[in-house]
Amino acid sequence: MNPTTSETDATVAPEAPAFDGFWINSTLSSATLGDFGARIDEYASGVATPSRFVFPAGPISLPHPRGRFWSLLRARRSRRLFSGASLSPQDIGAVLASVATTDGANRAYPSAGATHPLEFMVLVNRCTDERLQGRVLHYSSSDHSVTPVRELPPYGDYAHLINLSTETTEPAIVVVILAVRSRTTQKYGERGGRFVLIEAGHAAQNVMLACTERKLACCAAGGLLDDSILELLGVVPGDADVLLGIAAGHPAKR
């Protein structure tokens, strides 16, 4: 199954070998996960937080903004404990609309040179619509639709690939952001690699703000096991890269 690569994508080889090397060196797998965890533990045990910039002049206070958007930003939190409730198609649609095409051409987040390297897949663990329940979906931002790709195993069978501690709870969905980075690096070379990562940050914030507006808990998962996630999605390695996941669902009651 190859839901991401078009004929145009496949005709030109990537032109960013140094960025390719960075990507290979930062890949997570079952073989490298132990060293990654040890590094995190070492950092937590002995590294001091760097101080902020210091300038000769003193700070000048600015008035705080007010309004719905500011309230939404203040309400956004990373929460990784979920209830057992299913999401509705309306919930999933509202979350994915945050990365949709807005007026037939432009998307709801910026893309360098309109190269649009990102693709969005959704792992649906719990949904009230049986057509979506237990499926891997591909999201089309151009017409705000999802296409079932394959069946999804129970969350407990693949949770270790998401690599996000949710204690005994399970997210209703996991949005996986992929990149066909050659779309951007063909135009910008090595610098295009940075643009791809910046774009993913824009898109992830949109998704998380949409979750917040819907009163859903959500948390970014940056430690996905790259090739294993591609296999779960049904995407051929080399056709796309795994950037991050966003686990979401109704929040667990405190």
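Please indicate, with yes or no, whether at least one residue in region 218-232 is in contact (Cβ under 8 Å) with a residue 40 or more places away in the chain, farther than 20 Å from Val136 by Cβ and open to solvent by 40 Å² or more (accessible area, probe 1.4 Å).
Taking every residue of region 218-232 in turn, none turns out to be in contact (Cβ under 8 Å) with a residue 40 or more places away in the chain, farther than 20 Å from Val136 by Cβ and open to solvent by 40 Å² or more (accessible area, probe 1.4 Å).
Of the residues that sit in region 127-136 and are closer than 17 Å to Leu233 by Cα and in a strand (DSSP E or B), which one is least open to solvent (accessible area, probe 1.4 Å)?
The extreme case among them is Val136.
Out of the residues in region 144-171 that are closer than 22 Å to Leu230 by Cβ and of a type in the set (Asp, Glu), state the one that is most open to solvent (accessible area, probe 1.4 Å).
The qualifying residue most open to solvent (accessible area, probe 1.4 Å) is Glu151.
Could you list, in sequence order, all residues of region 57-93 that are out of contact with any strand residue (DSSP E or B) (no Cβ under 8 Å at 6 or more places or on another chain) and open to solvent by less than 50 Å² (accessible area, probe 1.4 Å)?
Selection gives Gly67, Leu72, Asp91, Gly93.
Restricting attention to region 1-56, which residues are under 21 Å from Val235 (Cβ atoms), at pLDDT 75 or above and surrounded by 10 or more Cβ atoms within 10 Å (Cβ to Cβ)?
Correct list: Ala16, Phe19, Asp20, Phe22, Trp23, Ser26, Thr27, Leu28, Ser29, Ser30, Thr32, Leu33.
Please list, ordered by first then second residue, the pairs with beta carbon atoms under 7 Å, 6 or more apart or interchain, first in region 140-160 and within 11 Å of Leu232 (Cα to Cα) and in contact (Cβ under 8 Å) with a residue 60 or more places away in the chain, second open to solvent by 50 Å² or more (accessible area, probe 1.4 Å) and hydrophobic (A, V, I, L, M, F, W, C).
Cβ pairs passing all conditions: Val149/Met1; Arg150/Met1.
Considering every residue within region 100-112, establish whether at least one is closer than 19 Å to Leu216 by Cα, touching a Leu at 6+ places or on another chain (Cβ under 9 Å) and either touching a residue at least 12 places away in the same chain (Cβ under 8 Å) or not hydrophobic (A, V, I, L, M, F, W, C) (or both).
no
For the structure I just gave you, tell me whether Arg214 is of a type outside the set (Ser, Thr, Tyr), crowded, with 23+ Cβ neighbours inside 10 Å and either touching a Ser or Thr at 6+ places or on another chain (Cβ under 7 Å) or in contact (Cβ under 8 Å) with a residue 12 or more places away in the chain (or both). Please lay out each step first, then the result.
On the way: of a type outside the set (Ser, Thr, Tyr): yes; crowded, with 23+ Cβ neighbours inside 10 Å: no; either touching a Ser or Thr at 6+ places or on another chain (Cβ under 7 Å) or in contact (Cβ under 8 Å) with a residue 12 or more places away in the chain (or both): yes.
In short, no.
Tell me which of these Asp103 doesn't satisfy, since it passes every other one: (1) within 30 Å of Ser182 (Cβ to Cβ); (2) under 18 Å from the mean Cα position of the chain (by Cα); (3) of a type in the set (D, E, K, R).
(2)
Kindly indicate the residue of region 94-108 that is open to solvent by 30 Å² or more (accessible area, probe 1.4 Å) and among the small types (Gly, Ala, Ser) and also modelled with the lowest pLDDT among those meeting that condition.
Per the criteria, the residue is Gly104.
When the residues of region 62-95 are narrowed to those that are in contact with a helix residue (DSSP H, G or I) (Cβ under 8 Å, 6 or more places away or on another chain) and among the hydrophobic types (A, V, I, L, M, F, W, C), which ends up nearest to Ile162 (Cα to Cα)?
Ranking the qualifying residues of region 62-95, first place goes to Val95.
Filter region 48-83 down to residues that are under 30 Å from Leu118 (Cα atoms), part of a loop (DSSP other than H, G, I, E, B) and among the small types (Gly, Ala, Ser) and give me whichever is nearest to the chain's Cα centre (by Cα).
Ser78
Condition first: closer than 25 Å to Arg107 by Cβ, in contact with a helix residue (DSSP H, G or I) (Cβ under 7 Å, 6 or more places away or on another chain) and aromatic (Phe, Trp, Tyr). Can you find one or more residues in region 158-180 that meet it?
No.
Looking only at residues in region 109-126 that are small (Gly, Ala, Ser) and crowded, with 16+ Cβ neighbours inside 10 Å, which one is nearest to Thr168 (Cα to Cα)?
So the residue we want is Ser111.
The values are calculated or read from the model by the stated rules, or taken from the named source; none is laboratory data. Here the structure is a predicted model, which is why all the values come from computation and not from measurement. A quick note on method: Cβ atoms are made from the backbone with ideal geometry, for glycine too, and the neighbour counts reach across all protein chains shown. Please note that ligands, DNA and RNA were not included when accessible areas were found on the heavy atoms of the full protein model with its side chains. Shrake-Rupley method; radii C 1.70, N 1.55, O 1.52, S 1.80 Å.
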